[in-house]
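Colleague: My questions will all concern the structure given below.
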Amino acid sequence: IFSESKNTAAMADAMVSKGIVLRRLGRVPEAVESYYEGLKNFELAKDKAGIAYAQMSIAKVYNDQEKDEQAIGLSVKALKYFESISKPTMEDIYTKTELNHQIGEIYFSNKKYGIAEKYYNEGYRLAKQVNYTTMMSLLLDKMGRINYENGKNDLAYQKYQEALQLKQPELFKSNLYISLGELCIAEKKYAEAEQYLTKALAIGKREESLDIQMHAAKYLNYLYKSTKTYDKALSMFELYTAFQDSIKVDASRNTIKEQQLKYDFEKKELNLKLTAEKKAAVKNNWLIGLSGALIIVLLGVYFYYRNNKQK
């Protein structure tokens, strides 16, 4: 309908939305194609907000594929647009917050903590502005983690405690309890560490999160080994390995699928490039053919005129 009515911007929005659904269904190559179709139409419509929206979406796919350079490049482009808005809406601020977190995560995963912290701090400032408490908690946890990695345990503890005071889902709290437990073990505050990690384990059971239970059991094992409570240490080690095996089983079911998706994604990129090259070659062949035909016609006209003149 949008195509028939030549509503380019609306058609672009529909294509990007379709891409989001396809990505969630795991149909990555189709999602990429849909995203780029949306981006192309947003560019035709000269819709800057739409272009940024499409760039954000494509960046997430690149992030999934661990193509960090491309993911950062597109995310930064999108962020620049939202930063250029003189009177941002609440939705614009939410988006800026998420983009700062998204970019920070890539730098954090590559252990570039200084750059990551800059984006986390800006994201936190924006999240606080609109009372986006779940994002505030997540960013404080990450900032605490950076301080911990840099040996600034007091600052890390402060960030974790600040995050705990915020309104947030229980799973967010459980992550903070694990972070606090790990830090307290390093500080040899074993009683406090046990309290935090036991709380995290209970939340993991209640929320049926294997990942939370696995990490809580892992640090409880460290704790009990440190306090020479070996029976409990063994119990937690067994629990940790059981959860680890369960997660590996779930992951292995998707390994072949993920490899195929990665292959398909790379193949799609290659096909897009080859298609573009083929189109260019066909176009060049047409131009050469038409030029040749035109030269033949002109030569024919010239010789016909000359023969007539000679006669």
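Colleague: Rounded, prolate or oblate, given the Cα gyration tensor of segment 140-234, with a/c below 1.5 counting as rounded?
Modeller: Oblate shape, in that a/c is at least 1.5 and b/c is the bigger or equal ratio.
Colleague: Now a separate question. Can you work out the Karplus-derived ³J(HN,Hα) for every residue in segment 219-234? Use 6.51 cos²θ - 1.76 cosθ + 1.60 with θ = phi - 60°, whole Hz, and x for glycine or proline.
Modeller: 6, 5, 4, 4, 4, 5, 5, 5, 8, 6, 9, 5, 5, 5, 4, 5
Colleague: Among I85, Y240, T97, which residue has its Cα positioned farthest towards the positive end of the charge dipole of the chain, with +1 placed on the Cβ of Lys and Arg, -1 on the Cβ of Asp and Glu, and the dipole taken about the Cα centre?
Modeller: Looking along the dipole axis, the top candidate is I85.
Colleague: Add -39500 (n - 2.57) for each DSSP H run of 4 or more in the chain, then divide by its residues: what number comes out at 222 nm, to the nearest 500 deg cm²/dmol?
Modeller: Here the helix-only value at 222 nm equals -29500 deg cm²/dmol.
Colleague: How large is the accessible surface per residue of the chain, computed with a 1.4 Å probe and reported in Å² as a whole number?
Modeller: Accessible area per residue: 61 Å².
Colleague: For segment 175-241, give the percent of accessible area contributed by carbon and sulfur heavy atoms, probe 1.4 Å, rounded to a whole number.
Modeller: After summing per-atom areas, the C and S share lands at 50 percent.
Colleague: Among V76, V61, V297, what's the order by accessible area (1.4 angstrom probe), most exposed first?
Modeller: Descending order: V297, V76, V61.
Colleague: If amide H atoms are built 1.01 Å from N in the plane of the peptide, which residues on other chains or at least 5 residues away come under 5 Å of the amide H of I85?
Modeller: none
Colleague: With the contact rule set at Cα under 8 Å and sequence spacing of 6 or more, what percent relative contact order holds for segment 124-180?
Modeller: 35
Colleague: Can you tell me the 0 to 90 degree angle between the C-alpha axis of helix 48-64 and the longest principal axis of the chain, rounded to 10?
Modeller: On a 0 to 90 degree scale, this one is about 60.
Colleague: Would you please state the base-10 log of I(q)/I(0) at q = 0.07, 0.13 1/Å for the chain, with intensities from the Debye formula using one equal scatterer on every alpha carbon?
Modeller: With no solvent term, the Cα-only Debye profile gives -0.43, -1.09.
Colleague: Another question, if that's okay. By how many degrees, 0 to 90 and rounded to 10, does the Cα axis of helix 190-206 deviate from the longest principal axis of the chain?
Modeller: That works out to roughly 60 degrees.
Colleague: Between the DSSP loop rule and a limit of at most 16 other Cβ atoms within 10 Å, which trypsin sites (Lys or Arg not before Pro) in segment 8-41 are left?
Modeller: Here the sparse-neighbourhood loop sites are R27.
Colleague: Output ³J(HN,Hα) for segment 128-139: one whole-Hz value per residue in order, computed from phi by the Karplus curve 6.51 cos²θ - 1.76 cosθ + 1.60 with θ = phi - 60°, and x for Gly and Pro.
Modeller: 5, 4, 10, 6, 8, 5, 5, 5, 4, 4, 4, 6
Colleague: To the nearest 20 debye, what charge dipole does the chain have about its Cα centre, counting +1 at the Cβ of each Lys and Arg and -1 at the Cβ of each Asp and Glu?
Modeller: Approximately 1280 debye in magnitude.
Colleague: Which net charge results when you count Lys and Arg as +1 and Asp and Glu as -1 among the other residues whose beta-carbon is under 12 Å from that of K96?
Modeller: -3
Colleague: Taking 2.2 N^0.38 Å as the expected size of a compact globular protein, what ratio does the Cα radius of gyration of segment 46-158 give against it, to two decimals?
Modeller: For segment 46-158, the normalised Cα radius of gyration is 1.08.
Colleague: Show me, for segment 93-106, the HN-Hα J-couplings you get by feeding each phi into the Karplus relation (A = 6.51, B = -1.76, C = 1.60, θ = phi - 60°), rounded to Hz, glycine and proline as x.
Modeller: 5, 4, 5, 4, 4, 5, 5, 4, 5, 4, 5, x, 4, 5
Colleague: Please report the relative contact order for the chain, taking Cα pairs under 8 Å with a sequence separation of at least 6, and give it as a percent rounded to a whole number.
Modeller: 9
Colleague: What do you get for trypsin sites (Lys or Arg not before Pro) in segment 157-209 restricted to DSSP loop and a cutoff of at most 14 other Cβ within 10 Å of the site's Cβ?
Modeller: K167, K188
The values are calculated or read from the model by the stated rules, or taken from the named source; none is laboratory data. Computed from a predicted structure; not experimentally measured. As a convention, Cβ positions derive from the backbone with ideal geometry for all residues, glycine included, and neighbour counts pool all protein chains shown. Surface areas here come from the heavy atoms of the whole protein model, side chains and all, with no ligands, DNA or RNA. Shrake-Rupley method; radii C 1.70, N 1.55, O 1.52, S 1.80 Å.
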